[in-house]
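K.L.:
I have a structure I would like to understand better, so I am pasting it below and will then ask my questions one at a time.
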Amino acid sequence: MEYDSFDQLDLPNQTVTEPNPSHVLAFRRFSSDQVVMFNRVQCDEIRKYSDRPIIHNFMGRITAFDHFDLGADLDISSWDSYPMGFLLDRVGADETAQAHYLRQGDPDFQAFHHDLYRATSAGRWWVMEQQPGPVNWAPWNPAPLPGMPRLWAWEAFAHGAETVCYFRWRQAPFAQEQMHAGLLRPDRSPAPALAEAAQVAAELAEVPYVGTATAPVALVFDYDSAYAWESQPQGADFDYFQLVFDCYRALRRAGLSVDVVPKSVDPSAYKITFAPGLLTVPESLRGGLVVAGPRAGSKTEELTIPEGLGPDITDLSTKVTFVESLPPFAPMALDGGGAFIKWREAIETTDTVILRFEKGAPAAVRNAQMIYIAGWPDAAGWRRILEMLTEQAGLDLMDLPPDLRLRETDSHRFWFNYGPRSVTFHGMTLPAAGVLWESK
Amino acid sequence: MEYDSFDQLDLPNQTVTEPNPSHVLAFRRFSSDQVVMFNRVQCDEIRKYSDRPIIHNFMGRITAFDHFDLGADLDISSWDSYPMGFLLDRVGADETAQAHYLRQGDPDFQAFHHDLYRATSAGRWWVMEQQPGPVNWAPWNPAPLPGMPRLWAWEAFAHGAETVCYFRWRQAPFAQEQMHAGLLRPDRSPAPALAEAAQVAAELAEVPYVGTATAPVALVFDYDSAYAWESQPQGADFDYFQLVFDCYRALRRAGLSVDVVPKSVDPSAYKITFAPGLLTVPESLRGGLVVAGPRAGSKTEELTIPEGLGPDITDLSTKVTFVESLPPFAPMALDGGGAFIKWREAIETTDTVILRFEKGAPAAVRNAQMIYIAGWPDAAGWRRILEMLTEQAGLDLMDLPPDLRLRETDSHRFWFNYGPRSVTFHGMTLPAAGVLWESK
Amino acid sequence: MEYDSFDQLDLPNQTVTEPNPSHVLAFRRFSSDQVVMFNRVQCDEIRKYSDRPIIHNFMGRITAFDHFDLGADLDISSWDSYPMGFLLDRVGADETAQAHYLRQGDPDFQAFHHDLYRATSAGRWWVMEQQPGPVNWAPWNPAPLPGMPRLWAWEAFAHGAETVCYFRWRQAPFAQEQMHAGLLRPDRSPAPALAEAAQVAAELAEVPYVGTATAPVALVFDYDSAYAWESQPQGADFDYFQLVFDCYRALRRAGLSVDVVPKSVDPSAYKITFAPGLLTVPESLRGGLVVAGPRAGSKTEELTIPEGLGPDITDLSTKVTFVESLPPFAPMALDGGGAFIKWREAIETTDTVILRFEKGAPAAVRNAQMIYIAGWPDAAGWRRILEMLTEQAGLDLMDLPPDLRLRETDSHRFWFNYGPRSVTFHGMTLPAAGVLWESK
């Protein structure tokens, strides 16, 4: 574990027991840089001969490389949105949720990636592949609830997409993708999604431009932190993406539109900036209300424990003295409702304690604009944290029905019903798979 | 994926993503042919020097090669019947069924293979290895309920076996099979099954020949279709053997004797011919009442989608426009009872709709003698399909108690109680593990 | 499988189906001997230059080599005790038990290994690594209930430990073990366990020497038998360690202190000697009350079935005619309460039947001082066997509350509360994680 020269360094695998997590993290960064470099070489070549915008497509829940780094070399980020396939193979939904959303997809998963990839190329983004029907690669491959191909497209536009491309045009009658639906059937007749795509095209004329308002809240997504906790999870189910996504879902359930941002964000531009699970908390993450933790600033850039213990966050007088990873059957209840799941930290603090465990220990603290959450909140826990902050932040929280989602743009308010039945809320009724927009 | 010469073809593995399913299917056919050829070379050599019948033994639920092709070179097909071992390692029974049938085996699994292997060598077949007691290779190895070694033997004879051999004669006191029961214990004393074997031998004198009546219904088993759907399952639990076996169980629960047949069968010889899951439906599969589907004729011989969509079945005016594979928690209810599980097809049709989903879409159609089932029926679904057809087919359906089974031969009617408790039906009472025969 | 010379012998792997279990057993013995030899070479070298005691540390639930053989070359055996990590990764506890004992560890697992490793070097033993807080390697890593680091240390002393070392002194701020708690935090401040270690050190002055009384009952642990049943389990969950540990837990629930011993033990030194699952039962295992079985003496030293069938135990007139391994959902009830799980034997016997199955077959027999149990008892089954024997053996059985444990030494009686809540028993009240001692 001590090296005299760079030549002594091997790949961080095939070690006697486990490799050094700092070594693994370094390798993950190197690998990401290689991907970014490979893309850059191609972009540079293309730009010698063309000034047309360069687009490339990303996927769902992929943390193998830094999409902000790569997206900086593109003109337009795009991604492949397969709501039903992803529900069954990567969202992590339980069986009840998989049954309920089987033909619609998870109500937050697409929106999260729309908001994430909107940020990776300075605001320009597309959906490069939109699922039009059953595909061939998920464990099971049902067909969308009628209306969902339209809803998915409108949701993308509401989040700022310039273009939504359905994949594929025609279902190929041969080879690996012959069971992957298209807008046309293998016999060249219209498949069900074609009429929905046509309907969206007609409706776009009616709502030609919706803009992309700055959302009231920001949520930091940091690929480097994903590498770090994959290198050293400490609990079998500690997953950085899931932690950020849980926060995102809580914000959406409260009716809030969200900007997903890199950790270089300026918090003064938002009413609240959420930054759960950041490996390190940069000095620049100040100047507005910030909610950090758990695990935020708990390590150095090289994945070691900082001198004086974490969280290494300026202004906080709080130390994490030990942490516990918690199995699914052992949540820790919070005083007044909600719980921490998967992860909790024991802290020593002279900051203001704003949340406690049922047994009394501090669970969240605050000093001026910086809030620190010493654990992984469940849905009720996130809701309580939001409620504590909204008055000061000047935010209105809704309590949306489970299947309903809202997205606000410069000009409009869009409502989406991800449920298989109609939903009524504040006098509005949306049918199953319904979309509704109203001018602001 | 485009080849200029045969030399460019590799094995269908180690591809960047998945191999072309048509390539996998071709490889499966090639592999089967190799097995068949290897057997043929040996048969040809033996026949130069002997006119004694050639026998070889098959196993349970093996679709690695075409047993009809191989059986054509044998004089007698045989198989190794391990009812209790198979219950725990390959039947696919749930825990409730495993507990109930723990010491008896599945009530249909043996019969299915008896009926299958009776067909693979033109009617001559044996049980080469009959489980006499606990074996050494299943996850757990209980002992048979007293009476079952007799029942298993009689069941084989009722299905036309010429011979039932128990394996093994004596339990070896050494090596891998030392925990595999025989008719003798390791100390050469009689093991429990010996008396049952002797009883069967004595009883055979009483019922010397039972014949093998042609059954009223035929059920097609097609190894080529098994290869096809293993190459392209489209749903994680789509298994061709299971689909055919579900149909077989439904027929048996209705008291019907069944001939398992290759797809070259002449349907005019049967009151109904069932052909679920056939890759392609041959022209010859006409001339009698045929129940095809799901997935029947949905592909070409080379596993591509046929021009004009499937099912490619003469006389039907039905097209499958898309399919859905369904997770275990998402069955689709049929109007009037029963459901489709695992698989359902959306169809356009001008044939007569004879069954609908609860929500109205057509679930089965008919044109003259050809019925098409657009999904994978559960037990209640199969029962409903049978009930719709029996009057016209001139069949009497029974509703047997869950543990009771019936097999009709030329001369006798055999009843088997696979349950751990006695069963009374139509005035008959069979004890646990009981066998009863009556002349017709 | 027949060899003309030793040179023909390969490793027992990569065989066409499974290797010969006798071959596997021979390889396991060879492997153990290699480990023992490797240690011996080092001990011999050290002893040329030093007369200081030689210690080496073992782990929990490891049957890879014979610890009695290796321990014979050490002066002091020691082991690494991680009660919370082991609860989640190797005890085999169900989810309810994992939740209940999450921050305390299994109430018998540490004691078992204390009693085992006390025997491997003629009575001298240490805890080389005692878990002081959350570690980094279990699936989840919670923190101990306050008081447990003290309880664990006192439990070790009560079982005869000369020394308890906590691992580690300071939590390292870098590399693989940076999340492994120490007595000091990474910032060199005291971690919670330090005060508990200091308390134990102060209390030791109060109870300076407790001695190691010979326990009233002995329990044989035999690594050779572990190899044998790993080579030929016959049931998916037949695990020799688990069988012995189940017996140990039953004895502890009855308030008995236990000596874990090799099979060379002299039974006349104990009121009862338990020897479940012994591959072979030596002639020397006579002269006191012995409880053998299941599977005891069922094989020869070379893992074949003995002439005349097992159990090959002098004085017993009992033969096992066949065995059944039982899945978790199929226990076999005993007449009067309790059941056999996982394993039961059918026996022919002229010995006295002392326990029967609910359906009448003999389940345990006795001839003079030798008792044979023809199955794997569940907790209630072990309790019934104990109750049948204690009057004659002159033992008093307690029925301890589930979380309470007792250990008797030469001079003291120690009580331990492994539960998360206080326990009252016979007028004593122990708080959660409480330890109580009283002079005898």
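The values are calculated or read from the model by the stated rules, or taken from the named source; none is laboratory data. Every value quoted in this text rests on a predicted model; they were computed, and no experiment measured them. With ideal geometry, Cβ positions are generated from the backbone for all residues, glycine too; neighbour counts draw on all protein chains shown. To get the accessible areas, we keep the full protein, side chains included, count just its heavy atoms, and leave off ligands, DNA and RNA. Shrake-Rupley method; radii C 1.70, N 1.55, O 1.52, S 1.80 Å.
K.L.:
Going Cα to Cα from A:LYS440, which aspartates and glutamates come in below 13 Å? Please leave out same-chain ones fewer than 8 positions away.
P.N.:
Qualifying aspartates and glutamates at Cα under 13 Å: A:GLU408, A:ASP410.
K.L.:
In Å² (nearest 100), what accessible area is buried between B and C, both sides summed, heavy protein atoms only, 1.4 Å probe?
P.N.:
Chains B and C together bury approximately 2200 Å².
K.L.:
I've got another one for you. Summarise the partner chain shielding of C:320-331 as one whole number: the mean count of Cβ atoms from other chains within 10 Å of each residue's Cβ.
P.N.:
Across the residues of C:320-331, the mean count of other-chain Cβ atoms within 10 Å is 6.
K.L.:
Would you tell me the mean number of C-beta atoms belonging to other protein chains that fall within 10 Å of each C-beta in B:137-146, as a whole number?
P.N.:
Partner-chain Cβ atoms within 10 Å, mean over residues of B:137-146: 5.
K.L.:
Charges at C-beta only: +1 for Lys and Arg, -1 for Asp and Glu. How large is the resulting dipole of the stretch C:238-364 about its Cα centre, in Debye rounded to 20?
P.N.:
Its charge dipole is roughly 500 debye.
K.L.:
Starting from 0.36 nm per residue, how many nanometres of slack lie between B:LYS440 and B:ALA269 once their C-alpha separation is accounted for?
P.N.:
Going from the current span to full extension adds 59.4 nm.
K.L.:
Using the Cα centre as the reference, give the magnitude of the dipole from point charges on the C-beta atoms of the stretch C:54-184 (Lys, Arg: +1; Asp, Glu: -1; all else neutral), rounded to the nearest 20 debye.
P.N.:
440 debye
K.L.:
Right, next: Specify whether the C-alpha gyration tensor of the stretch C:304-429 places it in the rounded, prolate or oblate class, a ≥ b ≥ c being the square roots of the eigenvalues: rounded for a/c under 1.5, otherwise prolate if a/b is larger than b/c and oblate if not.
P.N.:
Prolate.
K.L.:
May I ask for the distance between the Cα centers of the stretch C:86-102 and the stretch C:323-344, given as a whole number of Å?
P.N.:
23 Å
K.L.:
Tell me which C residue has its C-beta closest to the axis rotating C onto B, and the distance in Å?
P.N.:
Nearest Cβ to the rotation axis, residue and whole-Å distance: C:GLU95, 10.
K.L.:
Which whole number gives the average count of other chain Cβ atoms within 10 Å of the Cβ atoms across peptide B:169-180?
P.N.:
The per-residue average across the peptide is 5.
K.L.:
Separate question: At 1.4 Å probe size, with the rest of the protein present, what percent of the exposed accessible area of chain C is carbon and sulfur atoms?
P.N.:
The computed percentage sits at 53.
K.L.:
Which whole-number value in Å² is the accessible area per residue of the stretch C:261-334, probe 1.4 Å?
P.N.:
On a per-residue basis, the stretch C:261-334 sits at 33 Å².
K.L.:
For A:THR273, what residues show an amide H to amide H distance below 5 Å, using hydrogens built from the backbone and excluding near sequence neighbours?
P.N.:
Amide H to amide H, under 5 Å and 5 or more residues apart or across chains, A:THR273 pairs with A:ALA218, A:LEU289, A:VAL290, A:VAL291.
K.L.:
Which residues, if any, in the stretch A:234-250 lose at least 30 square angstrom of accessible heavy-atom surface (probe 1.4 Å) when the other protein chains sit next to their chain rather than the chain being alone?
P.N.:
A:GLN234, A:ALA236
K.L.:
Would you tally the net charge around B:SER284, using a Cβ to Cβ cut-off of less than 12 Å, leaving B:SER284 out, and scoring K and R as +1, D and E as -1?
P.N.:
0
K.L.:
Using θ = phi - 60° and the Karplus form 6.51 cos²θ - 1.76 cosθ + 1.60, what ³J(HN,Hα) does each residue of the stretch C:298-310 get, whole Hz, x for Gly and Pro?
P.N.:
For the stretch C:298-310, the Karplus-derived couplings read 7, 9, 7, 4, 9, 6, 10, 7, x, 3, x, 6, x Hz, x marking Gly and Pro.
K.L.:
Turning to a different aspect of this structure: Mind running the shape call on the stretch A:131-241? Use the C-alpha gyration tensor, a ≥ b ≥ c as the square roots of the eigenvalues: rounded below 1.5 for a/c, prolate if a/b tops b/c, oblate otherwise.
P.N.:
In terms of gyration-tensor shape, oblate.
K.L.:
Rounded to whole Hz and in sequence order, give me ³J(HN,Hα) for the stretch A:415-421 from the Karplus expression 6.51 cos²θ - 1.76 cosθ + 1.60, θ = phi - 60°, writing x for Gly and Pro.
P.N.:
Karplus values, whole Hz, x for Gly and Pro: 10, 10, 9, 7, x, x, 9.
K.L.:
Here's a follow-up. Check each of the trypsin sites (Lys or Arg not before Pro) in the stretch A:51-138 and keep only those in coil by DSSP with at most 10 other C-beta atoms within 10 angstrom; list them in order.
P.N.:
none
K.L.:
Right, next: Between 0 and 90 degrees, rounded to the nearest ten: what's the tilt of helix A:240-253 against the longest Cα principal axis of chain A?
P.N.:
60 degrees
K.L.:
Net charge near B:ASP187, counting Lys/Arg +1 and Asp/Glu -1 over other residues with Cβ under 11 Å of its Cβ?
P.N.:
Result for the neighbourhood of B:ASP187: +2.
K.L.:
Checking buried surface per residue: for the stretch C:1-47, which residues lose a minimum of 10 Å² accessible area in the protein assembly relative to the chain alone (1.4 Å probe)?
P.N.:
For the stretch C:1-47, once contacts with the other chains are taken into account, C:MET1, C:GLU18, C:ASN20, C:PRO21 lose 10 Å² or more.
K.L.:
Separate question: Quick check on my link table: of B:LYS319/B:LYS359; A:LYS319/A:LYS359; B:LYS299/B:LYS342; A:LYS271/A:LYS342; C:LYS299/C:LYS359, which ones sit more than 22 Å apart, alpha carbon to alpha carbon?
P.N.:
In this structure, A:LYS271/A:LYS342; C:LYS299/C:LYS359 exceed 22 Å between Cα atoms.
K.L.:
Suppose only helical runs count, i.e. DSSP H with n ≥ 4. What mean residue ellipticity at 222 nm does that imply for chain C under -39500 (n - 2.57) per run, divided by all residues and rounded to the nearest 500 deg cm²/dmol?
P.N.:
When only DSSP H runs of four or more count, the value is -8500 deg cm²/dmol.
K.L.:
Quick check for me: using +1 on Lys/Arg Cβ and -1 on Asp/Glu Cβ, what's the dipole size of the protein assembly as shown about its Cα centre, in debye to the nearest 20?
P.N.:
Computed charge dipole of the protein assembly as shown: roughly 2520 debye.
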